Amino acid sequence: MTESLPATAVLRVGRVTFDPSLYDAVVIADQKTTEYLIPAIKRLPGLLQWFSGVSPEGSLSQVSIWDSQEHAAQMDHLPEMRVRARDDFRAVGVSFTAETTTYTNYPITWTI
């Protein structure tokens, strides 16, 4: 299904890698974070879609579509994401470093 997106739409990709032996604990932590992340993110203007997935190979990705770069950038400062969720993942052994974590906003150039 092709959706009509604003010309200013942005794809935000966040990814963290972890030891694959932590997979089950990371899945549980990911589910736990939905309790506070979903309401916090829904309050932000500009969100069009959100997806989160955990790979048994040792990575977690969160992909979202925003109506603008400005609105996507709100995630850089959302306390529920930057502090609380990171604390929940750290509690199960995930570390957040420049080598294990990336957050990138991409202007959308085409869709199917």
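Structural remarks
- Selection of region 34-62 for residues being part of a helix (DSSP H, G or I) and in contact (Cβ under 8 Å) with a residue 24 or more places away in the chain yields Y36, L37, A40, I41.
- Looking at D76, D87, just one residue is at pLDDT below 95, under 28 Å from S4 (Cβ atoms) and exposed (fewer than 15 other Cβ atoms within 10 Å of the Cβ), and that residue is D76.
- Leading residue by the ranking (surrounded by the most Cβ atoms within 10 Å (Cβ to Cβ)) among those in region 1-33 that are out of contact with any helix residue (DSSP H, G or I) (no Cβ under 9 Å at 6 or more places or on another chain) and part of a strand (DSSP E or B): T17
- Residue in region 97-107 that is out of contact with any His (no Cβ under 9 Å at 6 or more places or on another chain), of a type in the set (V, I, T), assigned to a strand (DSSP E or B) and surrounded by fewer than 13 Cβ atoms within 10 Å (Cβ to Cβ) present: yes
- Filter pass, T101 being hydroxyl-bearing (S, T, Y), in contact (Cβ under 8 Å) with a residue 40 or more places away in the chain and out of contact with any helix residue (DSSP H, G or I) (no Cβ under 8 Å at 6 or more places or on another chain): yes
- Residue in region 63-74 that is more than 23 Å from T8 (Cβ to Cβ) and within 16 Å of the chain's Cα centre (by Cα) present: no
- Of the residues making up region 48-73, those that are under 20 Å from D30 (Cα atoms) and either of a type in the set (S, T, N, Q) or surrounded by fewer than 14 Cβ atoms within 10 Å (Cβ to Cβ) (or both) are Q49, F51, S52, G53, S55, P56, E57, S59, S61, Q62, S64.
- Under the condition of being among the polar types (S, T, N, Q) and at positive phi, the residues counted in region 77-105 number 0.
The values are calculated or read from the model by the stated rules, or taken from the named source; none is laboratory data. Remember, it's a predicted structure, so these values are computed and weren't measured experimentally. Because the Cβ atoms are built from the backbone with ideal geometry, glycine has one as well, and the counts that use them run over all protein chains shown.
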